[in-house]
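First the structure, in the form of structure tokens, and then the observations on it.
Read-outs: derived from the displayed coordinates by stated rules, not from any lab. These figures come from a predicted structure and were not determined experimentally. All Cβ positions, glycine included, derive from the backbone under ideal geometry; neighbour counts span all protein chains shown.
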Amino acid sequence: MLWIQVFFYSSMIAILFYLTSRISFRELRHALLPVFYDQYWFMSKYLVLAAFAPFLAKIPQNISRQQFRIFLTILLFVNLIPYGNLFSGQNDILWFITLFFTGNYIRLYTPFSRLRQHFGKIYLAICAAVCIIFMSKALKHGHETATYIPLYNGFTYFSSVFLFLWVTTVKLPDNRLMNTVSRFSPYALGVYLLHDNIHVRNYI
């Protein structure tokens with residue numbers, strides 16, 4: 001079903017752009033094979049991960065918690081500093097697999113349970129640290145600051161983990177607002193496939 005949605009948005013948008021002479025036939029051909037030509041980098045990797053997921057999910061079932069922790073530590077070691085840019089990357093399937101096992105570990109063992117009451121504070125503290133570092137570097141280096149905070153230095157990963165853990169501690173009310181959000185949430189993928197389309201992106 002995911003592949004069908006990706007194909008639908010990619011092909012329909014490309015056909016529209018082709019009929020209005022905004023893209024070439026070569027670009028149209030690429031759009032008709034969106035996963036093969038990586039039209040949506042996230043969905044291309046996610047679909048590959050989904051194909052591997054049933055087999056990857058068997059690994060935690062056959063190892064102990066300690067072994068799982070060591071395995072996840074190794075994955076993080078090759079994905080974050082100092083090897084993040086060497087072995088992995090935001091578009092790399094190894095990074096997606098690492099996130100898969102991170103979520104799996106959280107689901108099975110709920111790490112940092114003793115800090116449950118402080119998940120939100122830790123998340124905000126990491127964000128504040130990033131802001132302080134970024135601003136201090138901005139005052140010193142100006143426009144070159146963006147290169148200081150790479151995607152794989154750990155800030156993004158650990159802030160995301162604690163944000164996720166924080167959300168799991170929040171009990172959402174069962175009211176009309178939450179029901180409305182739940183009703184519209186399945187359409188979020190369509191919004192992504194529309195606005196992050198390689199051709200639409202240039203016009204937004």
Using Cα springs under 10 Å in a Gaussian network model of the chain, which residue among Asn62, Asn175, Asn79 shows the largest mean-square fluctuation? Asn175
When the chain is treated as a GNM, springs tying every alpha-carbon pair under 10 Å, which of Leu108, Leu76, Leu177 comes out with the largest mean-square fluctuation? Leu177
Candidates for percent of Cα pairs over 26 Å apart are (i) 47; (ii) 53; (iii) 38, and the calculated one carries label (ii)
Cross-link reach list, lysines versus Lys140, counting only Cα pairs under 29 Å and skipping chain neighbours closer than eight places: Lys121
Once the Cβ-Cβ distance between Met178 and Arg26 is put in as r, and R0 is 35 Å, what FRET efficiency do you end up with, to the nearest 0.05? 0.15
J(HN,Hα) series, segment 105-117, from Karplus relation 6.51 cos²θ - 1.76 cosθ + 1.60, nearest Hz, glycine and proline x: 5, 4, 5, 7, 10, 6, x, 6, 4, 5, 9, 3, 6
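Sorted from fewest to most neighbouring beta carbons within 10 Å, what does the list Thr98, Thr156, Thr20 look like?
On the way: Thr98 20, Thr156 16, Thr20 8.
Least to most surrounded, the residues fall as Thr20, Thr156, Thr98.
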In straight Cα distance, which lysines are under 16 Å from Lys45, not counting same-chain residues fewer than 8 positions off? none
Any idea what angle helix 119-141 forms with the longest principal axis of the chain, computed on alpha-carbon atoms, 0 to 90 degrees, nearest 10? 70
Please find, in a Gaussian network model of the chain (springs between Cα atoms separated by less than 10 Å), the residue of Ser182, Ser11, Ser88 whose mean-square fluctuation is greatest. Ser182
